[in-house]
Structures are given as structure tokens and as C-alpha cells.
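Structure, as C-alpha cells:
The values are calculated or read from the model by the stated rules, or taken from the named source; none is laboratory data. For clarity, every value in this text was computed on a predicted model and none was experimentally measured. Note that each Cβ is placed from the backbone with ideal geometry, even for glycine, and that neighbours are counted across all protein chains shown.
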Amino acid sequence: MRPQISWTFVGAFITAFGFAWTGDAAALTLDAGAPSASPPTILPGRVSDPLTFSVVNDAATPDKEFGGFTVRFRVLPLTGATGQVAIGAVTAPANPVFGSTNSFIANRPQPGNDVGVTDFTFGTPATIPTAPGSPLFNYTLEPSADALGDFGIYAVTDFGVTQWVGPSFTAQYFDNVGSGNDPVLLGVVTVVPEPISLALLGLGGLAFIRRNRRTKPRGTNR
């Protein structure tokens, strides 16, 4: 049976095994699988296809000793968005970063929109390549039926809850997720109406135009 974990455990684990908190010293970045340059689209009221959180080595050489990670993330509406998007299932990827030795655990401090994931190995640390990097975990999104617009995927940084374990059991920050208190935007997803809904809207518009034409007085040019 897999051990249960809470975010208080993370600090205890680091203390117990002599992990030291360090500054931004590594060339590893966190990727939410939804780059803001080309946000994927999801449908309201439908569970999305799986997205993947990955770790990417943005240095010249892929010789990092990656021994574990804690990632806490949430989904928040951006300007103009309506409804909400909850985080659904969190699962191990087909080719986990630590192979079969991982201890993949998911935790929900605030069910629905704030999820924490921890994984570590006591075996050989992983080597993280350059892009596309190595997958950490998969997750799905669950938009509400009234959701529309852009939603941001944010890494939570409070109390160092998003970090990775490096050489000599040192906990380090990802290059793009530092030690501040503000969530860091990692990606964007867009909730769009279903195609049939758009078609119905189009038919409704045509019906309105036809009805409007029929009710115009004769001799009217407008």
C-alpha cells in the first residue's frame, strides 16, 4: 500500500533526511503541458484529455541528478473567463521519470482547484534531458458546464512547496518557479463551446435575420 502524504510531510521529510533549502541553482524548468503561446482547447462540462507536467533541462548538458520533486498547482480563471475549471485525475505517466521505483502520490489540500504531487526515489537519480524533458505526472481538467474563456495553470510557491531534489539531497527551486509567495503562471487552456453549440447559435442567428426581413415594412431599404 502506498504511503499517504500531506504537505506538512514534505518539510518533515526534508528535515529527516538532511535536505537543505537552496537558492535558484539549477537549470531545470517546469512545464505544465499547456504553453501560453498555443493554448489547448477543452469543452465545457467535459473531462479533458490528459495533460502532462514535465521537467526540462534548459542547460547545455543533461547531467542533472534528479532525485525527487514536489509540485503544487491550481487552475484560475483569467480576465473575461466564466465558470471554473477543476483539476481531475492525477496519474503517473506511461514512462515515469523514476521508472518503476517511483512513489507517486497525489494530495488535494483544497479539492478541485489546488493539487499537490510528490514523487521521489532512493535509487539512482534520474538524468533530465533538454526539451521535451521528462514527464512527471499526467492530469486532466474538468470545466464546469458554464465555463468559457482562458484559464491559467499556476505553480504554487508558498513555503517552497514546488521544488526538486538535486545532488547531495538538496532541495532546489526550478528556474521558472522561485521562492516567492505569488503563484507562477506556467500555461493556459481555453474553454470553447462545443461545435454543435456554435452551429445552433448560427442557426438561431439565421432565423432571426429571416424573421426580421419578413417583418420589415414594404418600401424600407434598411
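Give me the pairs, please: first residue somewhere in the range 71-90 and closer than 15 Å to residue 143 by Cα and surrounded by fewer than 21 Cβ atoms within 10 Å (Cβ to Cβ), second residue anywhere and small (Gly, Ala, Ser) and at pLDDT below 90, beta-carbon distance under 6 Å, and either six or more positions apart or on two chains.
Filtered contacts from the range 71-90: 86/112.
Given the residues 181, 138, which is the only one that is within 19 Å of residue 104 (Cα to Cα) and either at pLDDT 90 or above or surrounded by fewer than 11 Cβ atoms within 10 Å (Cβ to Cβ) (or both)?
Working: 181 fails: within 19 Å of residue 104 (Cα to Cα).
Being within 19 Å of residue 104 (Cα to Cα) and either at pLDDT 90 or above or surrounded by fewer than 11 Cβ atoms within 10 Å (Cβ to Cβ) (or both) holds for just one of 181, 138, which is 138.
If residue 124 satisfies every condition in (1) within 19 Å of residue 50 (Cα to Cα); (2) surrounded by fewer than 18 Cβ atoms within 10 Å (Cβ to Cβ) but one, which is the exception?
Of (1) within 19 Å of residue 50 (Cα to Cα); (2) surrounded by fewer than 18 Cβ atoms within 10 Å (Cβ to Cβ), only one is false for residue 124: (1).
Considering only the range 194-207, I want to know if a residue exists there that is touching a Ser or Thr at 6+ places or on another chain (Cβ under 9 Å) and modelled with pLDDT of 75 or more. Give the steps one after another, and end with the answer.
Let us first name the residues in the range 194-207 that are touching a Ser or Thr at 6+ places or on another chain (Cβ under 9 Å), namely none.
No.
Which one is nearest to residue 95 (Cα to Cα) among residues in the range 123-142 that are among the polar types (S, T, N, Q) and in contact with a strand residue (DSSP E or B) (Cβ under 8 Å, 6 or more places away or on another chain)?
Just the residues of the range 123-142 that are among the polar types (S, T, N, Q), to begin with: 124, 127, 130, 134, 138, 140.
Filter once more, keeping what is in contact with a strand residue (DSSP E or B) (Cβ under 8 Å, 6 or more places away or on another chain): 127, 130, 134, 138, 140.
On the way: 127: 14, 130: 16, 134: 9, 138: 11, 140: 17 Å.
So, considering only residues that are among the polar types (S, T, N, Q) and in contact with a strand residue (DSSP E or B) (Cβ under 8 Å, 6 or more places away or on another chain), the one nearest to residue 95 (Cα to Cα) is 134.
Within the range 43-57, which residues are part of a loop (DSSP other than H, G, I, E, B), surrounded by 15 or more Cβ atoms within 10 Å (Cβ to Cβ) and either modelled with pLDDT under 90 or of a type in the set (A, V, I, L, M) (or both)?
Listed by number, the list holds a single entry, 43.
If residue 107 meets every condition in (1) farther than 17 Å from residue 68 by Cα; (2) in contact (Cβ under 8 Å) with a residue 24 or more places away in the chain apart from one, which number is that one?
Here residue 107 meets the rest and fails (1).
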